[in-house]
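Everything on this sheet refers to the single structure shown next.
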Amino acid sequence: MAISINELPGVGAEILGVDLAGGLDSSELEAIKKTFAHHGLVFFRDQAISETDHIELAKRFGDINVNRFFASNPDYPEIAMVSKEPDQIANIGGGWHTDHSYDQEPALGSILVARELPPAGGDTWFTSMYKAYDNLSDGLKETLEGLSAVHSAKHVFGPQAGYAATESASGRIGNAGATIELEDPIHPVVISHPLSGRKALYVNAAFTLRFDGWTAEESAPLLAYLYEHAIDDANVTRFKWEKGSVAFWDNRATWHFAQNDYQGQRRVMHRITIDGCALQAAKH
Ligand code: SIN
């Protein structure tokens, strides 16, 4: 079957006619890379993909970044377990965010494979940071292009913070709360996307603390405006997982939000994250 691309109205594209477990040939790989660079998000359906296939697939796009906070799959340390048990309250990724903006070289993206789904709920929402930038006024674009922002994970993954304060006692969320060296990197607010060269807005509610050179208080109103602007309904895709679904998102071009609306049910996803690079400011 020939590969075909079905662009989605919000963000992302569904790629049909590929078998991710079958070893992609070079033309399939090129088509996926091109679609991924353009949309920042691709989905696949009805895939029978083993853990080993998942690892091999990720390696076609870059080096694997082993997550330092989440529990690893006991047999495959490259795979982070994004799981929620029936008696857990909090989930992983339950708010709009992009992964790893707290790293000096933020991860390229992640490939998420559905392993066990609740009977209803547990969708993942995505939005486009290309569109978030494109839809700003020229005046605000110009202001933001001169700015950088400070990012951090200390309030999320540090001791007594976020995950640690909620559910680490269950021992289910890997190293949350452990003493892991965490830096607070500074990234441009408008980046030139490393794969597409397009301009993308690069701040997020989970990990951005403030604009560099501004106080948190001064930064809050403009950040709040950008966070609201970025989740304009027209730019959002609400992805409904099914058995065999795979999502591959670019952390520099999208945000995502794992819905936590299936209390009392189990949801198990396997995530592999791929290394990225330092981010460059977009040129005026
Ligand atoms: C995440 O990586 O933030 C979780 C995504 C999901 O479980 O849908």
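The values are calculated or read from the model by the stated rules, or taken from the named source; none is laboratory data. This structure is a prediction, so every number in the text was calculated from the model and none was measured. Cβ sites come from the backbone with ideal geometry, for glycine too, and all protein chains shown count toward neighbours. For the accessible areas, the whole protein counts, side chains as well, though only heavy atoms, and no ligand, DNA or RNA atoms are used. Shrake-Rupley method; radii C 1.70, N 1.55, O 1.52, S 1.80 Å.
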Return the pairs, sorted by first residue and then second, in which the second residue is among the polar types (S, T, N, Q) and near the ligand (Cβ under 10 Å from one of its atoms), the first residue lies in segment 256-276 and is closer than 28 Å to Glu228 by Cβ, the beta carbons are less than 6 Å apart, and the residues are 6+ apart or on different chains.
His256/Thr124; Ala258/Asn91; Ala258/Thr124; Asn260/Asn91; Arg271/Ser110; Thr273/Ser110
Which residue out of Asp134, Asp63, Asp53 is in contact with an Asp or Glu (Cβ under 9 Å, 6 or more places away or on another chain) and touching a residue at least 24 places away in the same chain (Cβ under 8 Å)?
Asp63
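Residues are listed down the side, and each one gets a yes or a no for (1) in contact with a Phe, Trp or Tyr (Cβ under 9 Å, 6 or more places away or on another chain); (2) under 22 Å from Gly121 (Cα atoms); (3) not charged (D, E, K, R):
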| position | (1), (2), (3) |
| --- | --- |
| Ala31 | no, no, yes |
| Lys34 | no, no, no |
| Gln47 | no, yes, yes |
| Gly62 | no, no, yes |
| Ala71 | no, no, yes |
| Tyr76 | no, no, yes |
| His97 | yes, yes, yes |
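Does Trp214 count as more than 21 Å from the chain's Cα centre (by Cα), aromatic (Phe, Trp, Tyr) and modelled with pLDDT of 95 or more?
yes
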Residue set Ala71, Ala58, Ala48; condition touching a residue at least 40 places away in the same chain (Cβ under 8 Å), within 16 Å of the ligand (Cβ to nearest atom) and surrounded by fewer than 21 Cβ atoms within 10 Å (Cβ to Cβ); output residue Ala71
Of the residues Arg238, Arg271, Arg267, which is within 15 Å of the ligand (Cβ to nearest atom), surrounded by fewer than 16 Cβ atoms within 10 Å (Cβ to Cβ) and among the charged types (D, E, K, R)?
Arg238
Only one of these conditions is not met by Ile89: (1) farther than 23 Å from His187 by Cβ; (2) more than 15 Å from the ligand (Cβ to nearest atom); (3) touching a Phe, Trp or Tyr at 6+ places or on another chain (Cβ under 8 Å). Which number is it?
(3)
What do you reckon, is Ile89 part of a loop (DSSP other than H, G, I, E, B) and surrounded by fewer than 22 Cβ atoms within 10 Å (Cβ to Cβ)?
yes
Strands (runs of 3 or more DSSP E) wholly in segment 183-284 with at least 1 residues that are in contact with a His (Cβ under 8 Å, 6 or more places away or on another chain) and closer than 30 Å to Gly122 by Cα - which ones?
199-201, 208-211, 246-250, 254-258, 267-274
Matching residues in segment 114-146 (open to solvent by 40 Å² or more (accessible area, probe 1.4 Å), farther than 16 Å from Leu8 by Cα and hydrophobic (A, V, I, L, M, F, W, C)) number 2
Residues that are among the small types (Gly, Ala, Ser) and not in a loop (DSSP other than H, G, I, E, B), drawn from segment 105-130:
Gly109, Ser110, Ala114, Ser128
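Looking only at segment 254-261, decide whether some residue is within 20 Å of His97 (Cβ to Cβ), surrounded by fewer than 16 Cβ atoms within 10 Å (Cβ to Cβ) and modelled with pLDDT of 95 or more.
yes
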Kindly indicate the residue of segment 241-253 that is away from the ligand (no atom under 14 Å from the Cβ) and open to solvent by 10 Å² or more (accessible area, probe 1.4 Å) and also farthest from Val18 (Cα to Cα) among those meeting that condition.
Lys243
